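Novice: Following this message is one structure expressed as structure tokens.
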Amino acid sequence: MKNLILSMVALCCFLANLTMHSQTTPNDHKYNTYCNPVDIDYTYMSHYAFRGVSYRSGADPAVINFKNRYYMFVTRSHGYWVSDNMSIWKFIKPQSWYFNGSNAPAAAVKDGEIIVLGDPSGHGAVIKTDNPELGDWKTTYSVIPFGVQDPDLFVDDDGKVYLYEESSNTYPIRGIELDAENLYVPIGEEKDLFTLHPDEHGWERFGQDHKSDIKPYLEGPWMTKHNGTYYLEYSAPGTQWNVYADGVYTSKNPLGPFEYAPYNPISYKPGGFLTGAGHGSTVKDNHGHFWHFASMPISVNYKFERRIGMFPAGYEENGQMYVNTAYGDYPHYLPDTEVEDHKNRFSGWMLLSYKKPATTNSVIKGVKRNVFDEADSGYMLEQEAPDYSASKLTDENIRTYWVAQNSSDSLYAEIDLKKKMTVNALQINFQDFNSEIFGKPDTLKHQFKIKASLNGKDWETIADYSENQRDQPHAYIELKNAAEARYIRYENVYIPHKYLGISDIRVFGKGHGKAPKTPAQFSVKRQEDRRNADLSWNASKNSIGYVLYWGISEDQLNNSVMIYEKNSYELRALNTDQKYYYQVEAFNENGISKKSEILKTE
């Protein structure tokens, strides 16, 4: 009898545990969070189809709010995306569109219609529709009578329409008014607005970490208006680098004269899992808050292999524009999730899987990767070593990846978190290793299961995507119910490739230990080249990384960089004629330390 009672108690506890940790399935609950890169079904590019090099890409996002829905237009995607909440994005194959896909498209709302300019030839007319879901785009006939690269269309409060454009390392950003009442014919001549000054603005220098002497590129204008001031965003120094960023010039008139913002860059993310935050667009959500969408490079299969990130943005009381990229590839709260401070939407869910032991039942051998490598030209980052072992699943580097011998449903990978932790979310980042897909097939999908265990023997399914019908190359899974786990297991069901490749399985939540202490002995010294500064601090015990903040006033340290393990950093993004303030904090899987004292350099 006693044994029977004990058995019944054990069964009840087991059933209670199953209820507490019910499986998460696709679309079974409303998400409160998102995680960069934005998880959309990125289009496969065809630039190097003749070489057999296949890769996804999404870049140069133009995001607008049209009738309380968000539309995202992306380079060479053969369509565009729509969302009600910035969480789930649906791809639209329009009834009529650019045959070769749009290139760095411009988009704006004008008189109940969406207007777009994005002919990949650089020569075309503005097109428009009042039904973007159908996509019955109509031409306005008048081809812009000059070459247009990286256009932006801006509709002012008085209904006037302006075109801004350029993408080169030779010419300035230009602007011109278009006659909206006469087929968008240009009024007058284009006006030169501004160009780059990398000798004064450290962040405008080319190359990884701004360390190339190649002349930088100026591109991607995007205009916003706030409290009577025009903010003309622009991108530099090159889309393939970790330091790809957006800056801004301001004016009281749409065609200038424009003044360089001393707090530039505004959107900058040189560190972390996925880097870069340039060629973006800024959009107001349905709650009156601003968001910045940007391009983020991977540059493995090709230099222009990119993804899209979204970040909280806005304007300080003094008019300073900001984009908050701190912890920018960790889970953040979505627009519909109410928070105390829009500027700080980080969920607090820390990365639990950083460099934790990973094992798998298959690793590819003897297969050469098929990429288009331009590293020797100085226009592409060098390839990582061809190591496809399971350790690449947790190294927090999107450019490295585990690859299996095939893509069968017998494949699995396991991560040991080393301790029991609370798991709130996961992100599975699939990698296109020797892919053979081109264009935009509508048959792609990713199917798998995620299991959790406390002892590595008894497994519980916490996310069942075995019947998932969505194409999710960066599958972000916010668990319906948090799970207590030490071990996480990915079990493959189906992917649309010959080889299963995953760059990282990222596990988010909270550990049960202590957050690290504030870094001590924080110091900064500006170099003789005032575009650079050397910063260092004592390593914090049990930390896995640091976030360094800086800005031109003590209460607006709006730029940041995430640094794993190292306790020093050479900051090469400063403006020569500015004083700066700096602060640093440490983090681990348990949380974030208090910030250090604020230091200043003249």
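Readers should treat all values here as calculations from the given coordinates under stated rules, not as data from a laboratory. In this text, all values refer to a predicted model and were calculated from it rather than measured experimentally. FYI the Cβ positions are ideal-geometry reconstructions off the backbone, even for glycines, and counts take in every protein chain you see.
Novice: What is the sum of charges around Lys449, taking Lys and Arg as +1, Asp and Glu as -1, for the other residues whose C-beta is under 13 Å from the C-beta of Lys449?
Specialist: On the way: positive: Lys451, Arg489; negative: Asp409, Glu414, Glu460, Asp464, Glu467, Glu491.
So the environment of Lys449 carries a net charge of -4.
Novice: Note down the net charge around Glu460, summing +1 for each Lys or Arg and -1 for each Asp or Glu among other residues with Cβ under 15 Å from its Cβ. It would help to have the intermediate numbers written out before the result.
Specialist: Values: positive: Lys420, Lys449, Lys451, Lys457, Lys480, Arg486, Arg489; negative: Glu414, Asp458, Asp464, Glu484, Glu491.
Net charge in that neighbourhood comes out at +2.
Novice: Right, next: If you find the alpha carbon centre of region 395-451 and of region 60-88, how far apart are they in angstrom?
Specialist: 26 Å
Novice: Still on this structure, please answer the following. Hey, how much of the P(r) for region 134-256 falls beyond 17 Å, as a percent of Cα pairs? Walk me through the numbers on the way to the answer.
Specialist: Working: 4422 of 7503 pairs.
The answer is 59 percent, as a whole percent.
Novice: Among residues other than Phe99 whose Cβ falls under 12 Å from its Cβ, what is the net charge (Lys/Arg +1, Asp/Glu -1)?
Specialist: Result for the neighbourhood of Phe99: 0.
Novice: How large is ³J(HN,Hα) for each residue in region 136-150, as worked out from phi by the Karplus curve 6.51 cos²θ - 1.76 cosθ + 1.60 (θ = phi - 60°), to whole Hz, x for Gly and Pro?
Specialist: 8, 5, 10, 7, 9, 6, 7, 5, 4, x, 8, x, 10, 10, 6
Novice: Could you compute Rg(Cα) / (2.2 N^0.38 Å) for region 20-105, with N its residue count?
Specialist: On the way: Rg = 15.4 Å, N = 86, 2.2 N^0.38 = 12.0 Å.
Normalised Rg, Cα atoms only: 1.29.
Novice: Please compute, for the alpha-carbon atoms of region 205-286, the extent along each of the three principal axes and give them in descending order in Å.
Specialist: Computed over region 205-286, the largest-to-smallest principal extents equal 37, 32, 19 Å.
Novice: Give, rounded to the nearest 20 debye, the magnitude of the charge dipole that region 524-602 has about its Cα centre when Lys and Arg contribute +1 at Cβ and Asp and Glu contribute -1 at Cβ. Don't jump to the answer; show the numbers that get you there.
Specialist: Working: 11 positive and 12 negative charges, 15 e Å.
Computed about the Cα centre, the dipole is about 60 debye.
Novice: Now a separate question. Which parts of region 424-447 would a label at Glu467 reach, counting a residue when its backbone N lies under 17 Å from a point 7 Å out along Cα-to-Cβ?
Specialist: Flagged as within label range: 445-447.
Novice: What angle, in degrees between 0 and 90 and rounded to the nearest 10, separates the Cα long axis of helix 2-20 from the longest principal axis of the Cα atoms of the chain?
Specialist: 10 degrees
Novice: Would you work out the Kirkwood radius for region 235-324? I mean one over the mean of 1/r across all pairs of different Cα atoms, in Å.
Specialist: Numbers: mean 1/r = 0.0726 Å⁻¹.
So the Kirkwood estimate lands at 13.8 Å.
Novice: Cross-link partners among lysines for Lys525, C-alpha distance below 16 Å, same-chain residues fewer than 8 apart left out?
Specialist: Straight-line reach from Lys525, under 16 Å: Lys579, Lys600.
Novice: Put +1 on the Cβ of each Lys and Arg and -1 on the Cβ of each Asp and Glu in region 54-145; which of Gly135, Ile88, Pro145 then has its Cα farthest toward the positive end of the dipole?
Specialist: So the residue furthest toward the plus end is Ile88.
Novice: Just flag the trypsin sites (Lys or Arg not before Pro) in region 39-97 sitting in loop per DSSP whose Cβ has no more than 14 other Cβ atoms within 10 Å.
Specialist: Numbers: sites: Arg51, Arg56, Lys67, Arg69, Arg76, Lys90; in loops: Lys67, Arg76.
Answer by residue number: Lys67.
Novice: Computed on alpha carbon atoms, what radius of gyration and Dmax characterise the chain, expressed in Å?
Specialist: In Å, with Rg to one decimal and Dmax whole: 24.3, 95.
Novice: May I pose another question? Using alpha carbons only, what's the Rg to Rh ratio of region 470-560 with Rh from Kirkwood? Can you show the working numbers first?
Specialist: Working: Rg = 20.4 Å, Rh = 18.4 Å.
Here Rg/Rh amounts to 1.11.
Novice: Farthest toward the dipole's positive end in the chain, which of Asn542, Ala573, Gln320, given Cβ charges of +1 (Lys, Arg) and -1 (Asp, Glu) about the Cα centre?
Specialist: Comparing the listed Cα positions along the dipole, Asn542 ranks first.
Novice: For Lys517, go through the lysines and keep the ones whose alpha-carbon is under 16 Å away, minus same-chain ones fewer than eight residues off.
Specialist: Cα-Cα hits under 16 Å: Lys541, Lys566, Lys594, Lys595.
Novice: Per residue, what volume in Å³ does the convex hull of the Cα atoms of region 42-164 enclose? Write out the running numbers ahead of the final one.
Specialist: Values: hull volume 13.5 nm³, N = 123.
For region 42-164, the hull spanned by Cα atoms encloses 110 Å³ per residue.
Novice: Oh, and also: For Glu189 and Asn131, what is the calculated FRET efficiency with R₀ set at 56 Å and r taken between the beta-carbons, to the nearest 0.05?
Specialist: Values: r = 35 Å, r/R0 = 0.62.
It comes to 0.95.
Novice: Filter the trypsin sites (Lys or Arg not before Pro) in region 307-406 to those in DSSP coil with at most 11 other Cβ atoms within 10 Å of their Cβ, and list the result. Intermediate values should be presented prior to the final figure.
Specialist: Numbers: sites: Arg307, Lys343, Arg345, Lys355, Lys365, Lys368, Arg369, Lys392, Arg399; in loops: Lys343, Arg345, Lys355, Lys365, Lys368, Arg369, Arg399.
Sites meeting the loop and neighbour criteria: Lys365, Lys368.
Novice: For q values of 0.17, 0.18, 0.25 Å⁻¹, compute log₁₀ I(q)/I(0) with the Debye formula on a Cα-only model of region 323-385, without solvent.
Specialist: Rounded to two decimals, the profile gives -0.86, -0.87, -1.05.
Novice: Next question, about the same structure. If you take the C-alpha gyration tensor of region 286-406, multiply each eigenvalue by 5 and take the square root, what semi-axes do you get, largest first, in whole Å? Numbers along the way, then the final one.
Specialist: Working: eigenvalues 253, 81, 23 Å².
Taking √(5λ) for each eigenvalue gives 36, 20, 11 Å, largest first.
Novice: For the chain, what is the charge dipole size about the Cα centre, in debye to the nearest 20, if Lys and Arg each add +1 at the Cβ and Asp and Glu each add -1 at the Cβ? Intermediate values should be presented prior to the final figure.
Specialist: On the way: 62 positive and 77 negative charges, 509 e Å.
Its charge dipole is roughly 2440 debye.
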